[in-house]
Amino acid sequence: MFKPVNRTKQRQKRHRRIRFHMKGTDLRPRLNVFRSNKQIYAQLIDDLNGVTLAQANSKEIEGLNGANIEGAKAVGSAIGKLSVEKGYKKVVFDRGGYLYHGRVKALADAARAEGLEF
């Protein structure tokens, strides 16, 4: 019998598999990316203490469409500036089970341009 593909469940399965090997610490937090059809979100997370250290998303930036690469670049530069201000230069990049392509890659490149190392 043919089973339909549930892409969300497949992505969540990939994300769990990646997260098994990846942990954010207070010295090197995890930069997590989530993208929906209309928005894109990024968080710096300390997994040892269970704390979100900084966050940025396309909803908070005025006149920004989070569904395109320009929006992802703006969110990447915003999270990069926030993390450098708080003293976090090195992070672990968690792509959230998404392909490193398009909006996810644009966000990562913009964060690197602001001074983050991963």
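The values are calculated or read from the model by the stated rules, or taken from the named source; none is laboratory data. None of these values were measured; they are calculated from a predicted model. Virtual Cβ from ideal backbone geometry, glycine too; neighbours counted across all protein chains shown.
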Going by what's in this entry, would VAL33 be described as buried (at least 20 other Cβ atoms within 10 Å of the Cβ), in a helix (DSSP H, G or I) and modelled with pLDDT of 95 or more? no
For the stretch 37-57, which positions are free of Cβ contacts under 8 Å to residues at least 12 places away in the same chain and either closer than 13 Å to ARG95 by Cα or part of a loop (DSSP other than H, G, I, E, B) (or both)? GLY50
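Per-residue answers, yes or no, for (1) without any contact (Cβ under 8 Å) to a residue 40 or more places away in the chain; (2) within 12 Å of the chain's Cα centre (by Cα); (3) closer than 16 Å to HIS15 by Cα:
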| site | (1), (2), (3) |
| --- | --- |
| LYS73 | yes, yes, no |
| LEU82 | yes, no, no |
| ASP94 | no, yes, yes |
| VAL104 | no, yes, yes |
| ASP109 | yes, yes, no |
| ARG112 | yes, no, no |
Total residues in the stretch 74-118, condition within 23 Å of LEU48 (Cβ to Cβ), in a helix (DSSP H, G or I) and among the β-branched types (Val, Ile, Thr): 2
Being assigned to a helix (DSSP H, G or I), modelled with pLDDT of 90 or more, acidic (Asp, Glu) and surrounded by fewer than 19 Cβ atoms within 10 Å (Cβ to Cβ): is that true of GLU70 here? yes
Within the stretch 25-42, can you find the residues that are within 18 Å of HIS15 (Cα to Cα) and charged (D, E, K, R)? ARG30, ARG35
Based on this model, can you work out whether ARG7 counts as within 20 Å of HIS101 (Cα to Cα), of a type in the set (D, E, K, R) and touching a strand residue (DSSP E or B) at 6+ places or on another chain (Cβ under 7 Å)? no
Within the stretch 51-72, can one find any residue that is of a type in the set (D, E, K, R) and closer than 19 Å to GLU117 by Cα? no
